[in-house]
Amino acid sequence: RHIAFFEHNNALSVVVPLIKKRLTEAFGEESLPFLTFACLPASTNAKNQARYEEFSRCLCEETGIENAYGYIEITKDGISKNDPRNETGSSIQPEVRIDSWFRGKQVLLFDDVITKGNTMLRYKRLLERVGATVIGGLAIGKTKHERPFQTIASDPFPPLPDLPQIFSSPQKTDDDLPF
C-alpha cells in the first residue's frame, strides 16, 4: 500500500524472477508462450492499475506469456469491507467485463493474496463462460488466520500433548533418506 517507486521496483525485481522460475518448472520454458496470464482484478480501477499493470507487463515480457491485463475491465469499483461507506460487513466485489478475446486461451490466473480461493474460483467460472480454459492459478501470498488457544471440550483439533522422545539413536535428516 502506497509504497515508494524504488520499493515497487525492488518488489518487481524479486517477485518476477521467482514466478518465472515456478512457471518454467511447472510448464517448461517452451510452453510459456502458449499461455495467457490474467490477474484477478483488485477492488477498484486505481488499485488494479497500481498492483497489476506494470507487474503483468514485466512478467509477460520476461516469460513470453501472453498478457491479458487489458481484457478484464472493471466497469464499477467494488468496496472493501473495511471501507466506512460499506455498511454490509463484507466486501462488495467490483463489476467486471471479461472480453471474448479469452475464447480459446489457456489461462493462468493470478491473485496477489489468496484467502479461501473463492475469488479465483469466481473468475475461473467467468473466464470459462467466454470460452477460456483455466489451467491453473497462483498467488504470492496466503492469508493466515491465527486463532487463540481454545479450551472448549468440543474443539475438533485440540493441541497435541508433549510426547516423550522415543528414539534412542539420532533421527535421520533429509540427507539420509533414500529418496
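The values are calculated or read from the model by the stated rules, or taken from the named source; none is laboratory data. Small disclaimer: the values here were computed from a predicted structure and weren't measured. Neighbour counts run over all protein chains shown; Cβ positions are idealised from the backbone, glycine included. What goes into the accessible areas is simple: the full protein's heavy atoms, side chains included, and nothing from ligands, DNA or RNA. Shrake-Rupley method; radii C 1.70, N 1.55, O 1.52, S 1.80 Å.
Counting the residues of region 64-107 that are under 30 Å from Gly28 (Cβ atoms), of a type in the set (Gly, Ala, Ser) and outside any helix (DSSP H, G or I) gives 3.
A search for C-beta distances below 7 Å between a residue of region 67-88 that is modelled with pLDDT under 95 and among the hydroxyl-bearing types (Ser, Thr, Tyr) and any residue that is surrounded by 12 or more Cβ atoms within 10 Å (Cβ to Cβ) and assigned to a loop (DSSP other than H, G, I, E, B), counting only pairs 6+ apart in sequence or on different chains, returns Ser80/Ser43; Ser80/Asn86; Ser80/Ser91.
Within region 104-129, residues that are touching a residue at least 60 places away in the same chain (Cβ under 8 Å) and more than 13 Å from Thr143 (Cα to Cα) have Cβ atoms under 7 Å from residues that are open to solvent by 60 Å² or more (accessible area, probe 1.4 Å) and not in a loop (DSSP other than H, G, I, E, B) in these pairs: Gln106/Phe34; Gln106/Thr133; Gln106/Ile135; Val107/Thr133; Val107/Ile135; Leu108/Ile135; Leu109/Lys124, counting only partners at least 6 apart in sequence or on another chain. Within region 108-132, if we keep just the residues that are open to solvent by 60 Å² or more (accessible area, probe 1.4 Å) and assigned to a helix (DSSP H, G or I), the residue that is nearest to Ala38 (Cα to Cα) turns out to be Lys124.
Only residues that are within 19 Å of Arg103 (Cβ to Cβ) and open to solvent by 60 Å² or more (accessible area, probe 1.4 Å) were counted in region 71-90, giving 2. Restricting attention to region 42-53, which residues are out of contact with any Phe, Trp or Tyr (no Cβ under 8 Å at 6 or more places or on another chain) and surrounded by 19 or more Cβ atoms within 10 Å (Cβ to Cβ)? Result: Asn48, single match. Among the residues of region 25-33, is any among the hydroxyl-bearing types (Ser, Thr, Tyr) and either part of a helix (DSSP H, G or I) or loosely packed, with under 13 Cβ neighbours inside 10 Å (or both)? Within region 25-33, one or more residues are among the hydroxyl-bearing types (Ser, Thr, Tyr) and either part of a helix (DSSP H, G or I) or loosely packed, with under 13 Cβ neighbours inside 10 Å (or both).
For the condition free of Cβ contacts under 8 Å to residues at least 60 places away in the same chain and exposed (fewer than 13 other Cβ atoms within 10 Å of the Cβ), Ser56 does not qualify.
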